[in-house]
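> Right, I'll just put the structure down here and ask away after.
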Amino acid sequence: MTMTPLRAVALAGATALALLGTTATAGAVPRTTNADAVTHDEQITWQGWAGDADWQAGAAAGTVVTPAGLTLGTPVGTIQYKDPHSKSKRTWAYGTWTSPLTDVGFGASELVASWNADTPAGTWIQVELQGTYTSGTLTPWYVMGRWASADGDIMRTSVDKQGDKISSIWTDTFAINDASAGQLLRAYQLRLTLYRDPAQAASPVVRSVGAMSSNVPDRFTVAPSAGHIAWGTELAVPRYSQEIHAGQYPEYDGGGEAWCSPTSTEMVVEYWGRKPSPADTSWVDPAYADPTVDHAARMTYDYQYQGAGNWPFNTAYAASFPGLEAKVTRLHSLDELEHFIAAGIPVVTSQSFLASELDGAGYGTSGHLMVVVGFTTTGDVIANDPASPSDDAVRHVYQRDQFEQIWLRTKRTTASGGTGSGSGGIVYLIKPTEVAWPQVAGSTNW
């Protein structure tokens, strides 16, 4: 089986069931350190803004800081937005916030922005990026996403055909076109634009915004990590199959192979005790099982990409539930990922592979997401893989060395003998605000 790609990406460099190990509940396993952790040659950093001091450091025009986050105060004016997908025109009041110029700390070849925001009816937000190249010249202002948690006001969307001679936007990813040419991303600013219906008081509230910047060299293989951080730990994450939704709602890309991302995201949202309400899912055909998966697909659907695999749209959806925060980043190794499992935090991973490269999967894919929920007592990966024929069949155990390769590499050989891309360690990190991120020496990528 070949799965629908997550996106047409330019990644990194331009861009079986087994016996259960010891089961642990969230937070039950103390964090440990691993003196033998393998280091790779990739560079990854996460930089973000949240809270009064961060918001005050930026430049506001029509936006104000409240205890809940950044919101509209007195708008600077109104604009008319013609929705490119619905073709409708509507007038919106707006204000902006622009981050300080932020140095990446190295020459980056890619950047993915993500945000956590509340967008009540009659509101939405836009996130933009302007980069500074290592030459000192600037990129255009790139739209990284137009977002609303529902779809009654705008049709949430990425924006195609953005780029200059040095960089391009691939759905949700800023990428240097040719990293070997020497021009890389040195610094950047993010700009938020908050919109509301001029006739109403409700405004969007942005709780956080940030970006993962990275330079992951082209690689077909990576050095394996040592592990022994969360071996024998498995988190009790709900199991949902994407395949049982095949053919459902073609207007949201039709379920089945296309819904790996929202299915994985929904599993983690529900692990944390949140889920869409019966009212939220009342539009779903009552004959369909697992209606919350249908809801997640609809509420992450990118009308330009025409799919539910937009990375920051998925984390923004997760963060739309009370008390959850989420981001898109990269991790360096399974060692790093084990720290999240030890802290009780399941991790959504992105990978691509031939069927022969991942024993027990039974399919190949040019882009697929699943949830790492634990590790066996011998260090193999326990994954809730939504590419399964039923909910009961979602739990898989994958060989550690195979999984680490297909997740961390940036280049791969395709079934036709050509060269394809890999995600270079992309993950969704989703947790309640009161749960601490794991502390790992030297890590600045979350």
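> Just to check your reading of the model, which residue among ILE430, ILE382, ILE406 is part of a helix (DSSP H, G or I) and either under 22 Å from the mean Cα position of the chain (by Cα) or assigned by TED's automatic domain parsing to the domain that holds ILE341 (or both)?
After applying the criteria, what remains is ILE406.
> Let me ask something additional. What about GLY131, is it among the small types (Gly, Ala, Ser), at pLDDT below 95 and not assigned by TED's automatic domain parsing to the domain that holds PHE321? Outline the logic, then answer.
Working: among the small types (Gly, Ala, Ser): yes; at pLDDT below 95: no; not assigned by TED's automatic domain parsing to the domain that holds PHE321: yes.
The answer is no for GLY131.
> A follow-up question, please. Assess whether ALA236 counts as being part of a loop (DSSP other than H, G, I, E, B) and either crowded, with 20+ Cβ neighbours inside 10 Å or not assigned by TED's automatic domain parsing to the domain that holds ALA121 (or both).
yes
> Among (1) at pLDDT 95 or above; (2) part of a loop (DSSP other than H, G, I, E, B), there is one condition GLY442 misses while meeting the rest; what is its number?
For GLY442, the exception is condition (1).
> Quick check: anything in segment 84-97 among the hydrophobic types (A, V, I, L, M, F, W, C), at pLDDT 95 or above and assigned to a loop (DSSP other than H, G, I, E, B)?
In the first step, residues of segment 84-97 are kept if they are among the hydrophobic types (A, V, I, L, M, F, W, C); the result is 92-93, 97.
Filter once more, keeping what is at pLDDT 95 or above: 92-93, 97.
Imposing the further condition that a residue be assigned to a loop (DSSP other than H, G, I, E, B) reduces the set to none.
No.
> Can you list residue pairs whose Cβ atoms sit under 8 Å apart, with the first residue in segment 74-103 being acidic (Asp, Glu) and the second being in a strand (DSSP E or B) and at pLDDT 95 or above? Count only pairs 6 or more apart in sequence or on different chains.
ASP83/LYS89; ASP83/ARG90; ASP103/ARG186; ASP103/ALA187
> Moving on to the next point. Do we have any residue at all in segment 388-399 that's within 14 Å of SER225 (Cβ to Cβ), in contact with a strand residue (DSSP E or B) (Cβ under 7 Å, 6 or more places away or on another chain) and at pLDDT 95 or above?
No: zero hits.
> Could you look through segment 376-398, keep only residues that are in contact with a Gly (Cβ under 7 Å, 6 or more places away or on another chain) and more than 18 Å from SER356 (Cα to Cα), and pick out the one that is surrounded by the most Cβ atoms within 10 Å (Cβ to Cβ)?
Among those residues, the one meeting the criterion is ILE382.
> Could you tell me which of the residues TYR317, TYR288, TYR271 is under 24 Å from TRP407 (Cα atoms), surrounded by fewer than 24 Cβ atoms within 10 Å (Cβ to Cβ) and either touching an Asp or Glu at 6+ places or on another chain (Cβ under 9 Å) or outside the structural domain of ASP151 (by TED's automatic domain parsing) (or both)?
Matching residue, one of TYR317, TYR288, TYR271: TYR271.
> Follow-up. Whether any residue in segment 322-333 is surrounded by fewer than 23 Cβ atoms within 10 Å (Cβ to Cβ) and acidic (Asp, Glu) is what I want to check.
For segment 322-333, residues surrounded by fewer than 23 Cβ atoms within 10 Å (Cβ to Cβ) and acidic (Asp, Glu): present.
The values are calculated or read from the model by the stated rules, or taken from the named source; none is laboratory data. Predicted, not measured: the structure shown is a model, and the values here were computed from it. With ideal geometry, Cβ positions are generated from the backbone for all residues, glycine too; neighbour counts draw on all protein chains shown.
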